[in-house]
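The values are calculated or read from the model by the stated rules, or taken from the named source; none is laboratory data. What you are looking at is a predicted structure, and each value in this text was computed from that prediction instead of being measured. Note that we place each Cβ from the backbone using ideal geometry, even for glycine, and neighbour counts take in every protein chain shown. These area figures cover heavy atoms from the full protein model, side chains too; ligands, DNA and RNA do not enter into them. Shrake-Rupley method; radii C 1.70, N 1.55, O 1.52, S 1.80 Å.
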Amino acid sequence: MINLKTKGGQKLLAAGNWAWSLFSINFAWFLINFPVILMMIILGSLDLNVNFFIINLVLTAMLIIFTVPSVIAAFATVMDWQVNGNGNFLRTQFTNWFKMLRYVRTNLEIGASFGVLIFLNKLFFGNVLPHMFVLTSSLILFAAFIVKSFQLGTRSTKSFSEICVAYPLKILVVTLIFIALLLLNFVLQLAFLIVIGSISLSVFVAYRLLGGRVEKND
């Protein structure tokens, strides 16, 4: 039996609390975005036709309402974690998601942009040059989305452009981490990663690399 009062036991307890914090943030994000994930699965099985166009419009609306504000909220929740220490952040993530719905313009612009790129990806799939343009645009949009989410979620005093200029390589790294974990979920269908830490881990790494406040390094 492990003695939690020993140095090793304390480290194990701290690691468990850290993992629980990561899990609770990600599980809340998963619950918020469950309809989006289902819609993306349905959309992926459709050919390019009227049904695809209609479903993509519905998905775009869901990205605007659920996905974009919930990622911004994840940055706010991770900041709470890093400032106040480990805990159960399930309710905090939901509360922050409701708060981030007020960024109507940002949610609309980013969500609609992703919706357009999803349509263009389907339209140009198999055509090398146009498809490469869509993929490059998606990478740039993803990077901009992460920076904007960090700026709004953490209420950063730095502007969007200041963050981009200060951390260009780090932004590229966190963008690739986001995309890699999403691909693990949706391409390899590792559903357990959705629940355990795909988004919260990505946000945590981005938060630390982009200079988020850390007061409780549990």
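Among the candidates Ile140, Ile163, single out the residue that is assigned to a helix (DSSP H, G or I) and closer than 25 Å to Trp97 by Cβ.
Only one candidate passes the filter, namely Ile163.
Among the residues of segment 25-58, which ones are open to solvent by less than 60 Å² (accessible area, probe 1.4 Å) and within 25 Å of Arg91 (Cα to Cα)?
Scanning segment 25-58 gives Ile25, Asn26, Ala28, Trp29, Phe30, Ile32, Asn33, Pro35, Val36, Ile37, Met39.
Counting just the residues of segment 68-105 that are closer than 19 Å to Phe30 by Cβ and touching a Pro at 6+ places or on another chain (Cβ under 8 Å), which one comes out surrounded by the fewest Cβ atoms within 10 Å (Cβ to Cβ)?
My answer is Leu101.
Identify, please: which residue in segment 148-160 is part of a helix (DSSP H, G or I) and more than 12 Å from Val71 (Cβ to Cβ) and is, among those, farthest from the chain's Cα centre (by Cα)?
Phe160
On the given criteria, is Ser113 in a helix (DSSP H, G or I), modelled with pLDDT of 90 or more and loosely packed, with under 14 Cβ neighbours inside 10 Å?
No.
Just give me the residues in segment 83-107 being basic (Lys, Arg) and in a loop (DSSP other than H, G, I, E, B), in sequence order.
Arg102
In segment 142-163, is there at least one residue being open to solvent by less than 50 Å² (accessible area, probe 1.4 Å) and over 23 Å from Ala76 (Cβ atoms)?
Applying the first criterion (open to solvent by less than 50 Å² (accessible area, probe 1.4 Å)) to segment 142-163 yields 142-147, 149-154, 156, 159, 163.
Narrowing further to those that are over 23 Å from Ala76 (Cβ atoms): none.
The answer is no; no qualifying residue exists.
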